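Trainee: So that we are looking at the same thing, I have put the structure below in structure tokens.
The values are calculated or read from the model by the stated rules, or taken from the named source; none is laboratory data. The shown structure was predicted, so the numbers you read here are calculated from the model rather than taken from an experiment. All Cβ positions, even for glycine, are placed from backbone atoms using ideal geometry, and neighbour counts span all protein chains on display. Surface accessibility is based on the protein's heavy atoms, side chains included, excluding ligands, DNA and RNA. Shrake-Rupley method; radii C 1.70, N 1.55, O 1.52, S 1.80 Å.
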Amino acid sequence: MPTVLVTHPVPRLAMYLGERALAQLQQVAQVRLNPLDNDLAGDALVRAAQGCDVVLAYRQTPVSAAVFGALPQLRAVVRCAMDIRTIDVAAASMHGVLVTQASAGFMASVSEWVLGVMIDLSRGISASTLQYQSGHEASVRMGRELRGATLGVIGYGQISRYLCPLALALGMRVVVADPLAQADLAGISQVSLDELLVTSDHVVCLAPANAATENLMNATAFATMKQGAFFINASRGNLVDEAALLAALDAGHLAGAAVDVGRAPDQMPSPAVARHAKVIATPHIGGLTPAAIEHQALEAVAQTVAILQGRIPQGAVNAAQATRMQERAQA
């Protein structure tokens, strides 16, 4: 049987891959598991992957050019997530190794997280709870309704397309800004980023992380936002200048923020942001529900099965350069 290395650290295996996906994988391959509590990288990853046909990679596993160069038998790296930024795709292509990524299965879970923190920020639920739990009487404050408020969504991808109808159903006005996608749902207005920032009561960041969006939300962007607005990041920490966010909160320009991601390891919220009194922070759990995780895990297994059968699966990002797949099929 072919051999597949699963790189998920021991504490992450059950939560981010699961028994069902692992069992399916074990039916078609000899499965080698990461024995460590942390990510395999560099020489450790090379040693673990020796003799493997496929590496099924945890979302944080770095696969560098040196790793690809040291594994001449490797056919593919299957990322059990959408984010492939820690995989050197150019090096993979140079060595003829296929790289795949999972599709989004977390539109509902992330959208529900966004709605939850929007309500929490607007009504001070977490703040009141913390006051009571600390033994103090909670302060009474006036809340704000989502109905009639303006939601501004930066990026119109799969999550946004799920979130926006929910916001409309709650009676919100919805505007989106995305230079690469067209808002095609009735009731949604497509505007420039500046107009979105000026008019929105809740700004939700759902744009992809790339060179063009690095520090997209900087001091200028936060200053452009409406006085008393809320900022929510459910995308990637790279999009936010965290010093500028903290300055906008400290100055009282923003009423609050919620983050599920940041610049700490594994895209966790940074401690300085997470401990701010006006911030609701969660440890990158927006997409962490059984349905969402199983979607990506089972898809990664299905991609692996296709690769072992000599087929290019859906989700391949460099199919034309995957010469090792062609060589193995000819053999």
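Trainee: If you count, for each residue, the other Cβ atoms within 10 Å and average over each peptide, how do 59-65, 73-79, 124-130 line up from highest to lowest?
Mentor: Packing order, densest peptide first, comes out as 73-79, 59-65, 124-130.
Trainee: If amide hydrogens are placed 1.01 Å from N in the peptide plane, which non-local residues have theirs closer than 5 Å to the one on I280?
Mentor: Amide H neighbours of I280, under 5 Å, 5+ apart: A257, A258, V259.
Trainee: Could you compute the net charge surrounding E195? Neighbours are other residues with a C-beta less than 15 Å from the C-beta of E195; K and R count +1, D and E count -1.
Mentor: -1
Trainee: Just want the answer: with Cβ charges of +1 for Lys and Arg and -1 for Asp and Glu, which residue in L245, Q296, A183 is farthest toward the dipole's positive end in the chain?
Mentor: Result: Q296, furthest along the dipole toward the positive end.
Trainee: With a Förster radius of 22 Å, plug the Cβ-Cβ distance of E112 and R263 into 1/(1 + (r/R0)^6) and report the FRET value to the nearest 0.05.
Mentor: Working from the Cβ atoms, E equals 0.35.
Trainee: On the accessible surface of region 68-209, probed at 1.4 Å, how many percent belong to carbon and sulfur atoms?
Mentor: 58 percent
Trainee: Beyond 17 Å, what percent of the Cα pairs of region 274-328 remain?
Mentor: Cα-Cα pairs of region 274-328 separated by over 17 Å account for 57 percent.
Trainee: Also, quick follow-up: Convert 20 °C to kelvin, take the viscosity as 1.002 mPa s, use the Kirkwood radius over C-alpha pairs of region 111-216 as Rh, and evaluate the Stokes-Einstein diffusion coefficient in µm²/s, rounded to a whole number.
Mentor: 143 µm²/s
Trainee: Report relative contact order for region 192-307 in percent, whole number only (criteria: Cα-Cα under 8 Å, sequence separation at least 6).
Mentor: Relative contact order for region 192-307 comes out at 20 percent.
Trainee: Give me the three principal axis extents of region 1-146 from the C-alpha atoms, as integers in angstrom, largest value leading.
Mentor: Projected onto the principal axes, the Cα atoms of region 1-146 cover 65, 28, 28 Å.
Trainee: With N residues in region 202-331, what two-decimal value do you get for its Cα radius of gyration over 2.2 N^0.38 Å?
Mentor: 1.43
Trainee: Using only alpha-carbon positions, what ratio does the radius of gyration of region 177-279 give when scaled by 2.2 N^0.38 Å?
Mentor: Dividing the Cα Rg of region 177-279 by 2.2 N^0.38 Å gives 1.04.
Trainee: Here is a follow-up. Taking a cut-off of 14 Å, what percent of all Cα-Cα pairs in region 208-256 are separated by more than that?
Mentor: 45 percent
Trainee: Please report the antiparallel percentage of DSSP beta bridges with both residues in the chain, rounded to the nearest 5.
Mentor: Restricted to the chain, the bridges split so that about 5 percent are antiparallel.
Trainee: Send over the per residue convex hull volume for the chain, Cα only, as a whole number of Å³.
Mentor: 144 Å³
Trainee: Could you work out [θ]222 nm for the chain from helices alone, using -39500 (n - 2.57) per DSSP H run of at least four and dividing by all its residues? Round to the nearest 500 deg cm²/dmol.
Mentor: One gets -10500 deg cm²/dmol as the mean residue ellipticity at 222 nm.
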